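Contents: one structure, followed by commentary.
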Amino acid sequence: MGDQVRIVEVGPRDGLQNEKAPVSADARIAFIEDLVKAGLHTIEVGSFVSPKAIPQMANSDQVLRAVDRHPGVEFHVLVPNEKGYEAAKAAGAKVIAVFASASEGFSKANINCSVAESIERFVPVIERARTDGIKVRGYVSCVLGCPYDGEVKPSAVVAVTKKLWDLGCYEVSLGDTIGVGTPAKARALLRAVAGEVPMTNLAMHFHDTYGQALANLYAGLEEGVRVIDSAAGGLGGCPYAPGATGNVATEDVVYMLEGMGIATGVDMTQLVAATNGIAAVLSKPPVSRVASALNARRK
Ligand code: HMG
Ligand code: MG
């Protein structure tokens, strides 16, 4: 496994969207700048969704405009429909992410429509993005379980992933939104999805609710996946995924990868500084084990 892995840092979006205390646009911008300094080159910085649904992601246009000045760094934003697309494009987005669910219950709660309706909404978004030269990433949520529907069949994940891939997403990120997966299940799922979409075009987006995320990622790396979504400090969650905790922590992922001889290009000291910065804004310590260990050693 001595090759490269791309980390998609989702802390400024997934990490902050579920925080109760408001985080200013300036604090979000400072967090993203710190992440760039740490060497992260793919960063999800916001979403163009209803501010009534996700108040923390209001002003994502301001955030994107402010940070989008680093050559070689790709800034992603979430877009649920054409209205969001218009706003993202106006703010200069070069990469957007559309997000569907493998389960009907979460689709309804999260974006207020069925899975099929969500795909219909994405068709014109993806078409317009292609015309405008904007890249589109896809997400499939609840790939290893749904907070509303319970068990999710791999065949449902395969179907939605294939739809997004066929529509033109360059990569599809598979989200264990509520962090219930285990390595054997993650492995079986990836094998099933790879029957329709190349493993090299899949990403793993695992929340760590049950403490399995690193183990699941390791299983996925063994299967050949080379893109990992993670959040600095282990921030994260979704208001429509009750009980779910944060994303796997970027520090923990970097520590594991470097330990496997896989270079990430991330400077751990700078990354922990970014995490500590946002932790101070949120007034709570990071849940990342590696960040905690390094902070304790520094003291
Ligand atoms: P809706 O109510 O069905 O939409 O919401 P609507 O078209 O009926 O519009 C209702 C209101 O929303 C209107 O405003 C629209 O203008 C406005 P009003 O007239 O009431 O004042 N609206 C918008 N405003 C801003 N930007 C837009 C937009 N669209 C409509 N793009 C909608 C549908 C999708 C908008 C809503 O349900 C929503 O915003 N949901 C939030 C979804 C979200 O951001 N969830 C968290 C991210 S997903 C996630 O975390 C999972 C992931 O991490 C992977 C994983 O872990 O699995 C990606
Ligand atoms: Mg997520």
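Normalised by residue count, the stretch 8-82 yields a Cα convex hull volume of 87 Å³ per residue.
The slack in the chain from Glu127 to Glu33, taken as 0.36 nm per residue of separation less the alpha-carbon distance, amounts to 30.7 nm.
Cysteines in the chain lacking any other cysteine Cβ under 4.7 Å from their own Cβ: Cys113, Cys169, Cys238. Only alpha carbons enter this Debye calculation for the chain, each as an equal point scatterer, and the log10 of I(q)/I(0) it gives at q = 0.07, 0.09, 0.12 Å⁻¹ is -0.22, -0.37, -0.70.
Solvent-accessible surface of the chain, averaged per residue with a 1.4 angstrom probe and all protein chains in place: 41 square angstrom. The charge dipole of the stretch 6-298, taken about its Cα centre with unit charges on the Cβ of Lys, Arg, Asp and Glu (plus for the first two, minus for the last two), comes to roughly 140 debye.
In the chain, a dipole from Cβ-located charges (positive for Lys and Arg, negative for Asp and Glu) runs towards its positive end, and of Thr42, Val23, Gly145 it is Val23 whose Cα lies farthest in that direction. Note: the stretch 111-204, Cα convex hull, 94 Å³ per residue. At a 1.4 Å probe, what is the % contribution of carbon and sulfur to the accessible area of the stretch 6-298? With neighbouring chains kept in place, the figure for the stretch 6-298 is 54 percent. Taking every Cα-Cα distance in the stretch 1-150 and sorting them into 5 Å bins from zero, the calculated P(r) comes out as 2, 9, 18, 21, 20, 15, 9, 4, 1 percent.
The values are calculated or read from the model by the stated rules, or taken from the named source; none is laboratory data. These numbers were taken from a predicted model, which means no experiment stands behind them. With ideal geometry, Cβ positions are generated from the backbone for all residues, glycine too; neighbour counts draw on all protein chains shown. The area values use the complete protein model at the heavy-atom level, side chains included, leaving out ligands, DNA and RNA. Shrake-Rupley method; radii C 1.70, N 1.55, O 1.52, S 1.80 Å.
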